[in-house]
1. In A, who owns the beta-carbon nearest the axis carrying A over to B, and how many Å from it?
2. Give me the inter-chain shielding for A:19-26: mean count of other chain Cβ atoms within 10 Å, whole number please.
3. Could you give, in nm with one decimal, how far A:Glu159 is from each other copy of that position, shortest first, with labels 7 Å out from Cα toward Cβ?
4. Calculate, in whole percent, how much of the Cα-Cα pair population of segment B:17-142 lies beyond 25 Å.
5. Suppose R0 equals 51 Å. What FRET efficiency, 1/(1 + (r/R0)^6) with r the Cβ-Cβ distance, do B:Lys224 and A:Val208 give to the nearest 0.05?
6. Once phi is turned into θ = phi - 60°, what whole-Hz ³J(HN,Hα) does the Karplus curve with 6.51, -1.76 and 1.60 give for every residue of segment A:128-140, x standing for Gly and Pro?
7. In nm, what does the list of distances from A:Glu115 to its counterparts in the other copies look like, shortest first, when each label sits 7 Å along Cα to Cβ?
8. For B:Asp179, A:Asp146, give the ranking by accessible area with the largest first, probe 1.4 Å.
Protein chains: 2
Amino acid sequence: MAFILRRGMATMASVKRANKVVCIGRNYADHIAELNSARPKQPFFFQKPTSSILLPGEGPVIRPRGVNLHYEVELAIVLGKQVKDLEADDDKGALDAIESYALSIDMTARNVQNEAKKKGLPWDISKGFDTFLPLSQTIAKSAIPDPHNIELYLTVNGEPRQDDSTELMLFRVPRILSDISKVMTLEAGDIILTGTPKGVGPVVPGDVMRAGIRVNGKELEEAKIEVA
Amino acid sequence: MAFILRRGMATMASVKRANKVVCIGRNYADHIAELNSARPKQPFFFQKPTSSILLPGEGPVIRPRGVNLHYEVELAIVLGKQVKDLEADDDKGALDAIESYALSIDMTARNVQNEAKKKGLPWDISKGFDTFLPLSQTIAKSAIPDPHNIELYLTVNGEPRQDDSTELMLFRVPRILSDISKVMTLEAGDIILTGTPKGVGPVVPGDVMRAGIRVNGKELEEAKIEVA
Ligand SMILES: [Mg+2]
Ligand SMILES: [Mg+2]
Ligand SMILES: [Mg+2]
């Protein structure tokens, strides 16, 4: 896998197995509103290349020239087994497929994405630059008893920008895994990003992003991301 | 990698290393015209998941319900080394990065793609179903002295549908690898699809696609694809 060879970290064994990273778009109503997007009738998704993964300590995030770079904090799921044609009401099947979690920032070249949307072109360039996927350490499954009841936050230079509960997800994890797995077989190690709450915005060179997860008001140390 | 575990073929070692499959869109003028698309000023690209790869003998291609399924025959490049920030005029660097070739069919859910284009949504669903990337055996680099001077063809039930020279590519291999590698680092084993010539069209259940490559008028046996 790309980033084993390139980065050679000895930990995070499961993340290193990633074949693909699949991301849900528009999964929080207030985020849809802030970008003036249409609310999807069903989950839609896109891929980020595994080459975009930035492991803890590997920063900074590259600001490509001419790019309006936005952060989007998201809960990431790391799969522990193959998932294919999962039924949308199979809550147990979905939960069983989860090996662990991570916090992620879905870095997005917003102007490039807006141009692609306007022209009906793919999103891959806007989402896929190297370093566009900062991840936290992996988070044990047991540390997140309910993925729909945690708080995600992100600050820029110490100023709060995003802070919402995952209970606001429009499509929940079983539905997400179901819809994706009816198109593409998911494999152990694959990573799923579950969408971002409101508050996305730009970062410029020198800005420091800090992000984390609270479970019942308590900070998860392993979920912390700090990246310039 | 997904399809090692799932498919367990002992050959095609290089293809099995694929982390990502990156595909160029609209790279032949007559194909752009037949889909009434705009001619791109620079190459744009999208990903197919590695889970969509269909190795020789593994058919058929799945026809998802409600999908208008189109074939697109394309020359695929298999990389033998990392490529990052390649310059567009670095013909030698591009050629050195190629380990081998394959023939590919970029199966596309055309109605899903058209809907995505209209709504400004990602192309991933339309391009990413399991089995949507039939590949030939790998083709030794030496069998294709010039990737811009071979003929690609595809027939459906024996009827010719696509048959054109790769000399018609709008953006050639060095430019393609350059543009992609300035966004995402390419790794050994990654696969690049170089776009389809004119003649794309639908296939329905029971149809048999046969595709191949001619070099100086001579058929390459290892490039043949036959898939239902
Ligand atoms: Mg996102
Ligand atoms: Mg891999
Ligand atoms: Mg194509």
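1. A:Gln47, 2
2. Mean shielding count: 4.
3. Copy-to-copy label distances for A:Glu159: 6.3 nm.
4. When all Cα pairs of segment B:17-142 are counted, 29 percent exceed 25 Å.
5. After rounding to 0.05, the efficiency reads 0.40.
6. Those phi angles translate into x, 4, 3, 6, 7, 9, x, 10, 7, 4, 6, 10, 4 Hz.
7. With the label placed 7 Å along Cα→Cβ, A:Glu115 yields 2.9 nm.
8. A:Asp146, B:Asp179
The values are calculated or read from the model by the stated rules, or taken from the named source; none is laboratory data. Only a predicted model underlies this, so the values are computations on that prediction, with no experimental measurement involved. Backbone-built Cβ (ideal geometry, glycine too); neighbour counts: all protein chains shown. Just so you know, the surface numbers come from the protein's heavy atoms only, side chains and all, with ligands and any DNA or RNA stripped out. Shrake-Rupley method; radii C 1.70, N 1.55, O 1.52, S 1.80 Å.
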